[in-house]
Every structure is written in C-alpha cells, then in structure tokens.
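The block underneath contains the structure these notes are about, expressed in structure tokens.
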Amino acid sequence: MNNIYVTRASLPTIDEYMEEIRDIWETHQLSNMGLKHEKLRDELKAYLGVDNIELLTNGHMALELALQALNLEGEVITTPFTFVSTIHAIIRNGLKPVFCDIDPDNYTIDVSKIEQLITNKTCAILPVHVYGNICNVDEIQRVAENHGLKVIYDAAHAFGEVYKGKGVGSFGDVSCFSFHATKVYNTAEGGAVCYKDSDFGKKIYQLKNFGIKNEEEVECVGLNCKMNELCAALGLCNLRYVDENIKKRKDITTTYNSYLGNMPGIKINHLQTDLVGNYAYYPIVIGKDYGMSRDELNILLRKHGIYSRKYFYPLASSFSCYNKMFDINLTPIAYQISQSVLTLPLYPDLSIDSVERICELIINRN
Ligand SMILES: *Cc1c(COP(=O)(O)O)cnc(C)c1O
C-alpha cells in the first residue's frame, strides 16, 4: 500500500496550467507585477473579502515585511505554539518576542493572559490562527486599543475563512497569509499581506521591490519578494478549485470526527461558532486515557506507512537558534499541547477509505 503523508499539494491539470501561462510566452513578462500578478491580486482580494492586499514570494516575507513596514520597536507579544517563521520574523526585525500561553481548547493565544505581559516596551501583538481556529479577535482588538498596540495576525492557516460574516484577513491592522505548497491554497510558494491603511500598503509595495520609488529614487532599504508570474498563474488556476477542495476537507474531517469523536483519551478539534472553516488540519491531542503516548501512536502509524506530524512540536520558543533565551515553563499549556498533539493526514484527494483505515489503527492501537 502507498504511503500516506500528512498533506499533498493541490494542483490543477497540467493542461489548465499550460493554458494559463500561454500568454506569458507572448509578453515575455516573468515578474515585476505583470498581468497574472495583477489579476491574482484582484481575485484574491475578492475571495478573501479584504479591503487591500499585496502579493509576496511567501508567507514568511509577509510577516517580516509587515513588521518592518509598521516601524515597530521593542516587544511583541506572541505565541510559542506556531511555526518558527512567526518568531524569526519578530527577531529578524530587531524586536523581542514575549511569549503568551495558549487556550487549551483552540490552541490560539490566551487573551486573558496578554495584559499581564504588556510593558512600556510593548508595541504589538502577533497572534496566530492555529489550524484554522480563529483567535479571539474581538478581545485582542479591545486589549490592543486600550494599550495603543498594533495587531498583526499570522493567518497562514486561515485561508478563505469567514468569521462573523467577515473575511478573516480583515481583522487587526494586518493579516499575513501563506500560499506555500502545503497550505489549503497554494501558488507553489507565495504569500500576501492584507491591511487597512493605504500608506502601509505603499510601504509594502516599495519594500518588496528593493524600496524603489521610481527610476531615480530608492526611498527605503527594501528587498526582493515580488510574486512572479508563473506562481501567480498557478494561483489563478488553484483558486478555481479552492471551494471544492475545502468541501472535500470538510467531508474528511467529518469522517475522522465520526470515528474519533468519542474515543477515550483523544481530544478532537471542534469548529468554532460563527466560523466558516477551511478544515486546514486535523489535530488530535492524546490524553492519559488513550493507553499509548503520542510518540508511540506516531510510530505505530508510520509502521503502516501513515506519516502524521507532531505539529507544533517542539515549541517554537525552544529552538536552539534562540540560545535558551525563552523559558518554556512560562507557557505550560502550550508546552503540554506540544507534547501531546498529532496532526493526521488531511488533503482533498485523501480517500475516505484511507481515513477509515487510519481511524481503525488509532482505535485498535495496533
Ligand atoms: C507556513 C507558515 C508560515 C510561513 O509561510 P511560508 O509561505 O512557508 O513562508 C508562517 N506561519 C505559519 C503559522 C505557517 O504555517
């Protein structure tokens, strides 16, 4: 039997992609905000239901440039339960991450613990919509307004979601998306920032193109992270299938839930109220009652060719590159979840038969 991996990139047919890139061979414009880039920007703006959007080479650069364009200084309150990119973006901007613990039910930042971390150096909050679960955006906004802080969401897991009738990219000052191959929607590599303030948008546009203002003037020390035309063309194709793919993800999630929802020692993820979800991941948290540890279950599944991931493990704050700067004991819930979470395979082409086979292995523990 073929191996099953935790995810598999979605692609259009090769013919559809060839058709989409045909005119690039006529114009010879491969990058620098060409026709595909402009078209994708308009389509994504509409699809995501946001006021403004800029396309970039990847989600990491969206985070890094957003922090730079906001001209921040000092401390940024964030979560350790994230991909390392979030923390790198803060540190690479000369800012200091301050780690807040997470909510044990939805794994996003615990808003009730943010205020006690605010000092006179705090400039921003950088929460993450983990697994497509939405942060408590209303409370975060309230805290940010009370203390004059910027809010930058890492929305890499939240593509296409709608919360309380609004596109999820419209919360906070800025939301950053990733269109990496492994995400719900991909442009091979790609990313975007969604934002409210038009001056911020101009800054991002300049920064992503070396800080160039015009042919004779360079206004800021930018870099190069423009989305190229081949990636934008793939994005145009993939956008046509994203709703269908999310529907397939939902069916797979429903199947997993029906098998694992009442299993002792296994905690499943529940869709939040008022949220149109994207079913990006299928995390389970293994408790004592299960009779096997997370690591043992992971190994068991691997023996059967099923490659789950311990995602997010270890905590981002604990990586050796940060030289033990951060104390993981200060975020005990995040630590405990990272020790017991396992993300099961979930992608649109995953067959329901495979899902049932995975569930049977988990239920029978052998
Ligand atoms: C994928 C991801 C990123 C980085 O996005 P890239 O497009 O891979 O650069 C950042 N944060 C989170 C939470 C992610 O999952």
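The values are calculated or read from the model by the stated rules, or taken from the named source; none is laboratory data. From a predicted model like this one, the values you see are computed outputs, not experimental measurements. No Cβ is skipped: glycine too gets one built from the backbone with ideal geometry, and neighbour counts run over all protein chains shown. In case anyone asks, the SASA skips ligands and DNA or RNA and just uses the protein heavy atoms, side chains included. Shrake-Rupley method; radii C 1.70, N 1.55, O 1.52, S 1.80 Å.
Could you sort F99, F179 by accessible area so the largest value comes first, with the probe set to 1.4 Å?
Correct descending sequence by accessible area is F99, F179.
First compute the accessible area of the stretch 1-121 with a 1.4 Å probe, then give the percent of it belonging to carbon and sulfur atoms.
50
Carbon and sulfur together cover what percent of the accessible area of the stretch 280-366 at a 1.4 Å probe radius?
Answer for the stretch 280-366: carbon and sulfur cover 49 percent of the accessible area.
The stretch 134-241: D in µm²/s via Stokes-Einstein (Kirkwood Rh, Cα pairs, 37 °C, 0.692 mPa s)?
212
Considering only S170, S178, S318, give the residue with the highest GNM mean-square fluctuation for the chain, with springs between Cα atoms whenever their separation is below 10 Å.
S318
Can you give me the orientation-averaged projected area of the convex hull built on the Cα atoms of the stretch 42-191, in nm²?
Mean projected area for the stretch 42-191: 8.1 nm², to one decimal.
Give, in whole angstrom and from largest to smallest, the semi-axes √(5λ) of the equivalent ellipsoid of the chain, with λ running over the eigenvalues of the Cα gyration tensor.
The answer is 33, 28, 17 Å, longest axis first.
Put D138, D101, D51 in order of accessible area, largest first, 1.4 Å probe: what do you get?
Ranked list, largest accessible area first: D51, D138, D101.
Hey, what's the stretch 233-366 come to in accessible area per residue, 1.4 Å probe, Å²?
In whole numbers, the stretch 233-366 has 48 Å² accessible per residue.
Enumerate by residue number the trypsin sites (Lys or Arg not before Pro) in the stretch 13-84 meeting two conditions: DSSP loop (anything except H, G, I, E, B), and at most 10 other Cβ atoms within 10 Å of the site's Cβ.
Here the sparse-neighbourhood loop sites are R22.
Let's test the formula: R0 of 41 Å, r as the Cβ-Cβ distance of T254 and K213. What FRET efficiency results, to the nearest 0.05?
0.20
Ignoring ligands, DNA and RNA, what percent of the 1.4 Å accessible area of the stretch 144-195 is carbon and sulfur?
For the stretch 144-195, the apolar C and S fraction of the accessible surface comes to 46 percent.
Among Y107, Y163, Y281, which one shows the biggest mean-square fluctuation in a GNM of the chain, springs joining Cα atoms closer than 10 Å?
Highest fluctuation of the listed residues: Y163.
Could you size up the charge dipole of the chain around its Cα centre, putting +1 on the beta carbon of Lys and Arg and -1 on that of Asp and Glu, and report it in debye to the nearest 20?
Dipole of the chain, to the nearest 20 debye: 980 debye.
I want the antiparallel fraction of DSSP beta bridges within the stretch 1-146, as a percent rounded to 5.
Taking every DSSP beta bridge within the stretch 1-146, about 10 percent pair in antiparallel fashion.
Given R₀ = 22 Å, what would the calculated FRET efficiency be for M292 paired with D353, taking r from the Cβ atoms and rounding to 0.05?
0.40
PRE reach from M18 (point 7 Å along Cα→Cβ): which of the stretch 223-242 fall under 14 Å by backbone N?
Residues passing the 14 Å test: none.
Please identify, among G277, G261, G132, the residue showing maximal mean-square fluctuation in a Gaussian network model of the chain using a 10 angstrom Cα cutoff.
G261
Give me the distance in nm between label points sitting 7 Å out from Cα along the Cα-to-Cβ direction at I91 and Y5, one decimal.
Simple spin-label model gives 2.7 nm for this pair.
So, R0 is 45 Å and r is the distance between the beta-carbons of K310 and D199; what FRET efficiency does that work out to, to 0.05?
Working from the Cβ atoms, E equals 0.60.
Can you tell me the accessible area per residue over the stretch 86-142, all protein chains present, probe 1.4 angstrom, in square angstrom?
Roughly 37 Å² per residue, with all protein chains present.
Residue separation times 0.36 nm, minus the C-alpha to C-alpha distance between F319 and I299: what's the value?
Difference between extended and current length: 4.9 nm.
I need the helices of the chain that pass two filters: whole DSSP H segments spanning 20 Å or more by Cα along the axis, and mean Kyte-Doolittle score no lower than -0.5.
Long hydrophobic helices here: none detected.
Once fully extended, how much extra length lies between L330 and N224, figured as 0.36 nm per residue of separation less the alpha-carbon to alpha-carbon distance?
Result for the pair: 34.4 nm of gain on full extension.
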